[in-house]
There are 2 protein chains.
Amino acid sequence: MSTTIRLNDSTLRDGSHAVRHQYTTDQVRRVVRALDDAHVEMIEVTHGDGLGGSTFNYGFSRTDELDLIEAAVDEARHAKIAALLLPGVGTIADLKEAALRGVSVVRIATHCSEADVAIQHFQAAREMGLETGGFLMLSHRLAPAELAAQARIMVDAGCECVFVVDSAGHLIMEQAADRVRAVLDEVGGDAEVGFHGHQNLSFGVANSLLAVREGATQVDGTLYGLGAGAGNAPLEVLATVFDRLGMDIGGVDVTGLQNAAEEVLRPMVERLPMMDRGSIVQGQMGVYNSFLFHAERASQRYGVPAQDILREIGRRGYVGGQEDMLIDVAVELQQRSLNMVS
Amino acid sequence: MSTTIRLNDSTLRDGSHAVRHQYTTDQVRRVVRALDDAHVEMIEVTHGDGLGGSTFNYGFSRTDELDLIEAAVDEARHAKIAALLLPGVGTIADLKEAALRGVSVVRIATHCSEADVAIQHFQAAREMGLETGGFLMLSHRLAPAELAAQARIMVDAGCECVFVVDSAGHLIMEQAADRVRAVLDEVGGDAEVGFHGHQNLSFGVANSLLAVREGATQVDGTLYGLGAGAGNAPLEVLATVFDRLGMDIGGVDVTGLQNAAEEVLRPMVERLPMMDRGSIVQGQMGVYNSFLFHAERASQRYGVPAQDILREIGRRGYVGGQEDMLIDVAVELQQRSLNMVS
């Protein structure tokens, strides 16, 4: 089969979590230049939690994301610049602003069971002439058939590619493949299917490969795997693996990506994500990856172990947007441990 | 199926590469204590390149490996302590010495096509009453049927478990599974089959899972993935994944291993292995993982990029034991680049 697999880069969006949203315009330009030179077709640039994410709840950006987007658009010679939007965090007004600054793709993300909150956003995006993608986040929370029904809602609203998003790095091989297949069975012909993996249990690349074998045609990654939790599927590893297997990755320069990761991205980053205890527990319990740093901050403040907070969050099934609940859990665990001492 | 999968730990052997063989007796004791407390059944303690590996060619140990072994044996309450032996690096005399210090398992490693050099070592080990494992290193270099023939040689010599060893982290899913199946088809009934994975392309855990599904009953890992190249399959991730899938891992304490990795191992290690450019190139080109630091040293000394040395080593197909050839390659690349300048 000679289907071209599009490798999307999210270093400047999902990777933003790992640098606490502190990217500078200069850093964005250098990353975009390197990715563009390596023929990456789509580069996502937004606050980690999407347009409008720079808030007290999610953490403030150092530089206005719209300025980062504009710099990226200016720097890219071939690549399309994409933005992420979580309805409720960002609005259609934010999207219009991003489009004015030159974004040509938007990916609209909802919790996997809440696709309907994105309907108007897909419609608006299509009216603006944007290419659209839809993120079904924490995809492990729904069985394949239920996930497919949510994908149908997105596609009917105007979504051109539905992503099975493993926001907790929880999916293990056929758990990812089965979801991709079910979604493709539902929307194939009407839309593409993509996969967005994380490394918490180190299945990001393996799951991506399985997704492609099921028929996914877009795969997300980030340089050095920079991203929330244990990080994303590393784009340079995806490219290396897909290329070695003889897959068509649309002319992406594998060595160029390896060099971009090592020479451009790595020197910018103080703390690279890794499979540390906190992120393994996220993968184990299915906890939204961007909660990791929130849990670490709550841990320092309330003196309870981050992994205990994450385990409890996992038990309670909190989803993206409930970042403030981590504080409640931390306070509760602190109280419990004080009661045990006294 | 209720087959018990034995998770072997190699933090104090394969992990030794990543700390340049500088383990202290106290560190060995602390790691063994934590692993033993977490009910890990087999703990390998040796120089990274096996018994007798402390040499100019491979790098000198800080502490005599026999003293480390003795400390490990003393510290372990339940776990068996294993040694690694590469015929030619170590000798039967070294093995006797290790057995005297309390080793009860030996794993004898050869390049995948050279199983016959290990025949006398397996025989000697069995005569000493040791449990035996056999490592077919750089397993990707042989097709499954050829690998199986080599496994047969080991088993006929007295090997009780043949390991498909992915020394370059080069194998991608079915490439690992096919080799495990072929070896099991050949030796099943006479011996167990094991898998030893590396993370260069992040398939260490996925390949291990596929190996088990093919019938492998022993899987190697290390705490935090500490090991040569991009590191090994992390033992705490293997345990987390296998446990989540309901597999029988013989009572290994998953949370205990997660804690051992984070609290005991991590503070000991200055530089944790990761999928950096050098190790990705190793995975891509199929280069023996312990060459990574050798290539980095040659790179610094001769002013040529480590990844170029590794790519050339990959093209030439050098195997473990040819560490000195890296210098020749570095000198040649240096010469070539000087000629281009002049």
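Here, each number is a calculation from the coordinates, and none is a lab measurement. Just so it is clear, the structure is predicted and the values come from calculations on it, not from any experiment. All Cβ positions, glycine included, derive from the backbone under ideal geometry; neighbour counts span all protein chains shown.
Residue ranges A:44-51, A:133-140 sort as A:44-51, A:133-140 when ordered by packing (mean number of other C-beta atoms within 10 Å per residue, highest first). Packing, as the average of other Cβ atoms within 10 Å across residues, places the peptides B:9-16, A:246-253 in the order B:9-16, A:246-253, highest first. Calculate the length of the line joining the C-alpha centroid of region A:286-342 to that of region B:107-124, in whole Å. First find each Cα centre; the distance between them is then 51 Å.
For region A:249-342, the relative contact order works out to 24 percent when only alpha carbon pairs closer than 8 Å and six or more residues apart are counted. Relative contact order (percent) for chain B, with alpha-carbon contacts under 8 angstrom and 6 or more residues of separation? So the answer I get is 17 percent.
Summarising the amide proton neighbourhood of B:L12: residues at separation of 5 or more, or on other chains, whose placed amide H is nearer than 5 Å comprise B:E44.
Considering only Cα atoms, the convex hull volume of chain B works out to 114 Å³ per residue.
Please give the charge dipole size of chain A, origin at the Cα centre, charges +1 on K and R Cβ atoms and -1 on D and E Cβ atoms. Round to the nearest 20 debye. Write out the running numbers ahead of the final one.
Working: 28 positive and 47 negative charges, 160 e Å.
It works out to roughly 760 debye.
What are the chymotrypsin sites (Phe, Trp or Tyr not before Pro) within region B:1-59 that DSSP puts in a loop, where the Cβ has at most 14 other Cβ atoms within 10 Å? Could you put the intermediate results ahead of the total?
Working: sites: B:Y23, B:F56, B:Y58; in loops: B:Y23, B:F56, B:Y58.
Answer by residue number: B:F56.
Need one value for B:236-246: mean number of C-beta atoms belonging to other chains within 10 Å of its residues' C-beta atoms. Could you put the intermediate results ahead of the total?
Working: counts 3, 10, 2, 1, 8, 8, 0, 1, 7, 3, 0.
If you average over the peptide's residues, the count of other-chain Cβ atoms is 4.
Between A:E263, A:E160, A:E296, the residue with the greatest mean-square fluctuation in the GNM of chain A (Cα pairs under 10 Å linked by springs) is A:E263. Stretching the chain fully between A:D324 and A:V341 yields a gain of 3.5 nm (0.36 nm per residue, less the alpha carbon separation). Distances between copies of A:D116, taken at a point 7 Å out from Cα along the Cα→Cβ vector and listed shortest first: 7.2 nm. Computed from backbone phi, the HN-Hα couplings of region A:194-206 come to x, 9, 10, x, 10, 9, 3, 10, 6, 9, x, 6, 4 Hz, rounded to whole numbers (Karplus: 6.51 cos²θ - 1.76 cosθ + 1.60, θ = phi - 60°; Gly and Pro given as x).
Could you let me know the centre-to-centre spacing of region B:201-262 and region A:135-178, using Cα atoms, in angstrom? So the two Cα centres are separated by 27 Å.
Rounded, prolate or oblate, given the Cα gyration tensor of the protein assembly as shown, with a/c below 1.5 counting as rounded? Write down the numbers at each step before the final one.
Details: a/c = 1.83, a/b = 1.55, b/c = 1.18.
It is prolate, given that a/c is not under 1.5 and a/b is the larger ratio.
Chain B holds its axis-closest Cβ, relative to the rotation onto A, at the residue and whole-Å distance B:A206, 2. Take A:M340, move 7 Å from Cα toward the beta carbon, and the resulting point lies 6.1 nm from the same point in each other copy, nearest first.
The C-alpha atoms of chain B define a longest principal axis, and helix B:291-302 lies at about 20 degrees to it. Peptide A:196-203 is shielded by partner chain Cβ atoms: per residue, an average of 4 of them sit within 10 Å of its Cβ.
So, counting K/R as plus one and D/E as minus one, what does the shell of residues with Cβ under 13 Å around A:A239 add up to? Can you show the working numbers first?
Values: positive: A:R6, A:R244, B:R277; negative: A:D9, A:E41, A:D220, A:E236, A:D243, A:D248, A:D253.
Counting the neighbours of A:A239, the net charge comes to -4.
With its label point put 7 Å out from Cα toward Cβ, A:R77 sits 6.6 nm from the same residue's point in the other copies, in order from shortest. When the charge dipole of chain A is built from unit charges on Cβ atoms (+1 for Lys and Arg, -1 for Asp and Glu) and taken about the Cα centre, the candidate among A:G90, A:I172, A:G53 whose Cα reaches farthest toward its positive end is A:I172. Counting Cβ atoms of other protein chains within 10 Å of each Cβ in B:256-267 and taking the mean gives 2. The charge dipole of the protein assembly as shown, taken about its Cα centre with unit charges on the Cβ atoms of Lys, Arg (+1), Asp and Glu (-1) only, comes to about 640 debye.
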